[in-house]
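Here the structure is laid out as structure tokens; the discussion comes afterwards.
The values are calculated or read from the model by the stated rules, or taken from the named source; none is laboratory data. Predicted, not measured: the structure shown is a model, and the values here were computed from it. Cβ sites come from the backbone with ideal geometry, for glycine too, and all protein chains shown count toward neighbours.
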Amino acid sequence: MIISIHQPQYLPWVPYFSKIKKSDIFVFLDDVQFQKNGLQNRNYILSRKGRLRLTIPVFHSLSTPINAIKISYSGILKKHWKTIEINYKKSSFFAEIATDLQPIYTRNHCFLSELNLDLINFYLNFLGIKTKTVLSSEIEKKGTKSDLILSICKTLQATSYISGSGGLSYLNLSDFEKENVSIQHINYIFKEYSQINKANEFVPYLSIMDLVFNEGKNAINYI
């Protein structure tokens with residue numbers, strides 16, 4: 001049983017979906033503390049002038065968990081969609097995808113996590129990724145940091161846990177070894193694809209949105 005775990009992000013980048021694709025179960029870590037200035041409410045698309053950050057303004061405090069974070073400006077989604085449309089309407093697959101994607105930007109989302117999960121699930125369905133997903137808020141676990149990850153692994157009877165390079169800084173590897181949970185470290189290597197808005201060189205580290213609008217269903221071959 002291979003699992004991976006990550007906070008629900010706004011318009012995640014390609015490696016996020018690569019991790020999900022390689023897992024039997026993916027856990028949305030939705031009940032840990034919200035990270036200010038992180039990727040839970042912001043990410044990048046490619047505009048005609050280069051990388052452009054889209055940010056969802058939110059109400060938050062230091063102790064607020066992600067699933068309790070509220071969007072502070074209801075009109076932001078309409079603005080984001082307009083920006084997306086301006087920059088991607090001439091891409092090869094915008095017209096095909098926008099029909100199903102735009103309605104998400106017209107829904108009355110109150111909580112950030114609801115918006116993020118709607119968007120992530122949209123892309124999972126579009127790409128045909130069938131990995132089972134669960135919310136950490138709905139499963140038994142305890143502890144923080146490394147102990148929390150291991151607790152989730154034990155609850156889900158994981159035999160292997162997929163970790164990004166950042167996991168090396170906080171995971172207690174000996175604890176995982178004692179519980180017979182192996183750790184797979186993945187360093188994603190970006191594959192170049194056609195980008196409608198690039199000036200010269202390929203621009204990596206963008207939202208999955210950029211890949212999908214440019215490659216359509218073929219995007220799965222880059223994940």
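Annotations for the structure displayed:
- Scanning region 153-175 for residues that are among the polar types (S, T, N, Q) and part of a strand (DSSP E or B) yields a total of 2.
- Sole residue being surrounded by fewer than 16 Cβ atoms within 10 Å (Cβ to Cβ) and either of a type in the set (A, V, I, L, M, F, W, C) or at pLDDT 95 or above (or both), chosen from Glu179, Glu201, Glu215: Glu179
- In region 94-115, the qualifying residues are those that are over 19 Å from Leu52 (Cβ atoms) and touching a residue at least 60 places away in the same chain (Cβ under 8 Å), and the one that is nearest to the chain's Cα centre (by Cα) is Ser113.
- Some residue of region 33-43 being more than 20 Å from the chain's Cα centre (by Cα), at pLDDT 95 or above and within 21 Å of Ala219 (Cβ to Cβ): no
- A search for C-beta distances below 7 Å between a residue of region 67-86 that is surrounded by 14 or more Cβ atoms within 10 Å (Cβ to Cβ) and any residue that is among the hydroxyl-bearing types (Ser, Thr, Tyr), counting only pairs 6+ apart in sequence or on different chains, returns Asn67/Ser113; Asn67/Ser137; Ile69/Ser113; Leu77/Tyr105; His80/Tyr105; Trp81/Tyr105.
- Hey, Ile25 touching a Lys or Arg at 6+ places or on another chain (Cβ under 9 Å) and under 30 Å from Thr159 (Cβ atoms) or not: yes
- Subset of region 176-203 (residues that are in a loop (DSSP other than H, G, I, E, B), aliphatic (A, V, I, L, M) and in contact with a helix residue (DSSP H, G or I) (Cβ under 7 Å, 6 or more places away or on another chain)): Val181, Ile196
- Complete set of residues in region 46-70 that are outside any loop (DSSP other than H, G, I, E, B) and either in contact with a helix residue (DSSP H, G or I) (Cβ under 6 Å, 6 or more places away or on another chain) or over 21 Å from Pro15 (Cα atoms) (or both): Leu46, Ser47, Leu54, Val58, Phe59, Pro65, Ile66, Asn67, Ala68, Lys70
- Being of a type outside the set (Gly, Ala, Ser), part of a helix (DSSP H, G or I) and either surrounded by fewer than 19 Cβ atoms within 10 Å (Cβ to Cβ) or in contact with a helix residue (DSSP H, G or I) (Cβ under 9 Å, 6 or more places away or on another chain) (or both) is a property that does not hold for Tyr10.
- Looking only at residues in region 102-132 that are of a type in the set (A, V, I, L, M) and closer than 27 Å to Pro65 by Cα, the one that is surrounded by the most Cβ atoms within 10 Å (Cβ to Cβ) is Leu112.
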